[in-house]
2 protein chains.
Amino acid sequence: MAMSVPLPQKDGRMSEKNKQQGLVTEGCESEEFQRLALDSHLCFAIYKANHAFNRFYKPLMKELGITYPQYITLLALLEKDGQRVSDLGETLFLESNTLTPLLKRLEEMGLVKRKRSAKDERQVIISLTAQGRALGQGICEVQRCAVDGLEMSMDDVQHLVRELNRVQEMLVKAGR
Amino acid sequence: MAMSVPLPQKDGRMSEKNKQQGLVTEGCESEEFQRLALDSHLCFAIYKANHAFNRFYKPLMKELGITYPQYITLLALLEKDGQRVSDLGETLFLESNTLTPLLKRLEEMGLVKRKRSAKDERQVIISLTAQGRALGQGICEVQRCAVDGLEMSMDDVQHLVRELNRVQEMLVKAGR
DNA sequence: AGCGATTAAATCGTTTGCGATATAAATACG
DNA sequence: CGTATTTATATCGCAAACGATTTAATCGCT
């Protein structure tokens, strides 16, 4: 989600009431506040873009009978099949507490198989069924819609992806 | 408690089919696949960055005793107090089904008041309590941490925000 | 004024996300 | 060996997101 939220305001000024109520921390008119505000916008911009992807994909997902996280999970499996739950978790930044129920639903839908590894009975290997792989074709359709809708050059998209990954890595690094 | 026997624990041998199971969907080597892959990368990069912001803020939020969505809601109220539920929803891209329970929790914590409008009994006006406003002081601290962690120039951030907003707008436009 | 349509919030059911904990298998070590 | 520790997954409980529906108040139209 996001930080300081750019409210849809008619006039961008703070009301007198807000000012005297101390609703805004002192020193937020400073130059540093500009950076803080920008950060807020970045955070919120990412939240909004993610939300927009969610909403955009949802009706297309619905036709395929899956949800957005399920779609992301299938994408990860399309790239590399036969992963362990923890591998998927590393890719998707999720853990078994989230993935196990999700994968069980995908299994019930007949899209993936869940099977204990023979070498290490603790591990569960997730692999796509024929049906799950077939759904991948539909996913390519979905993506075609998305790409057409975006109307961005490949270079622009590539640059954007790099910047986002940079932000993500910095946040991970800073969070330790 | 037993693991609810989700999977056979003892006879689990990996089939040959599983071992050799292919990793890439057929027919995705084309030039078009490049674009499709990029799209999924963009979608995934936004997903990752959003997760990273979430994880980064969580420990800071915990010190304030609130969750991330609650924090954002308070931020929106700090910028403009006394909003209706639907105003908050417009800002945050949420609706009453999500906001009502969240606001009730904030009310129980003594951070906001919920009051039916006298003019229109359908509307509920949300306003910060003194305690809720006081919590706003800690919020600038949180933002400062975020900015320091990012280590990005204002120009880079600004450009990224513009690109993300562009993507968001295009997705909204394309989704109709 | 009367009544159907619209609007705002709340409620319900399902999925997701996550911290904390439990369970079972594998590993380390004494 | 056998037992303590670690590892992988699963379970539990709560918060959140959201589609669908409900309830109550207001609006619009005749």
Scanning the range A:75-113 residue by residue, those more than 13 Å from DNA strand C (Cβ to nearest atom) and acidic (Asp, Glu) turn out to be A:Glu79, A:Asp81, A:Asp87
Quiz item: Do we have A:Arg176 as over 20 Å from the mean Cα position of the chain (by Cα) and within 30 Å of B:Val161 (Cβ to Cβ) here?
Solution: yes
Subset of the range A:49-74, residues away from DNA strand C (no atom under 11 Å from the Cβ) and crowded, with 20+ Cβ neighbours inside 10 Å, comes to A:Ala49, A:His51, A:Ala52, A:Phe53, A:Phe56, A:Tyr57
Pairing a residue in the range B:44-73 that is of a type in the set (Lys, Arg) with any residue that is more than 9 Å from DNA strand D (Cβ to nearest atom) and at pLDDT 90 or above, where Cβ atoms lie under 7 Å and the two sit 6 or more apart in sequence or on different chains, gives B:Lys48/A:Phe93; B:Lys48/A:Gln168
Those residues of the range A:161-170 which are farther than 18 Å from A:Ala49 by Cα and facing chain B (nearest Cβ under 7 Å) amount to A:Met170
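Are any residues in the range A:91-115 more than 16 Å from A:Leu64 (Cβ to Cβ) and out of contact with any strand residue (DSSP E or B) (no Cβ under 7 Å at 6 or more places or on another chain), and if so, which ones?
Result: A:Thr91, A:Leu92, A:Phe93, A:Leu94, A:Glu95, A:Ser96, A:Asn97, A:Thr98, A:Leu99, A:Thr100, A:Pro101, A:Lys104.
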Out of (1) among the hydrophobic types (A, V, I, L, M, F, W, C); (2) modelled with pLDDT of 95 or more; (3) touching a Leu at 6+ places or on another chain (Cβ under 7 Å), the one B:Val157 does not meet is (2)
If we take the range B:75-176, then helices (runs of 4 or more DSSP H) inside it with 1 or more residues that are loosely packed, with under 13 Cβ neighbours inside 10 Å and small (Gly, Ala, Ser) are B:130-150
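The values are calculated or read from the model by the stated rules, or taken from the named source; none is laboratory data. Given the structure is predicted, the values throughout are model-derived calculations rather than measurements. In this analysis, Cβ positions are derived from the backbone assuming ideal geometry, glycine residues included, and neighbour counts consider all displayed protein chains.
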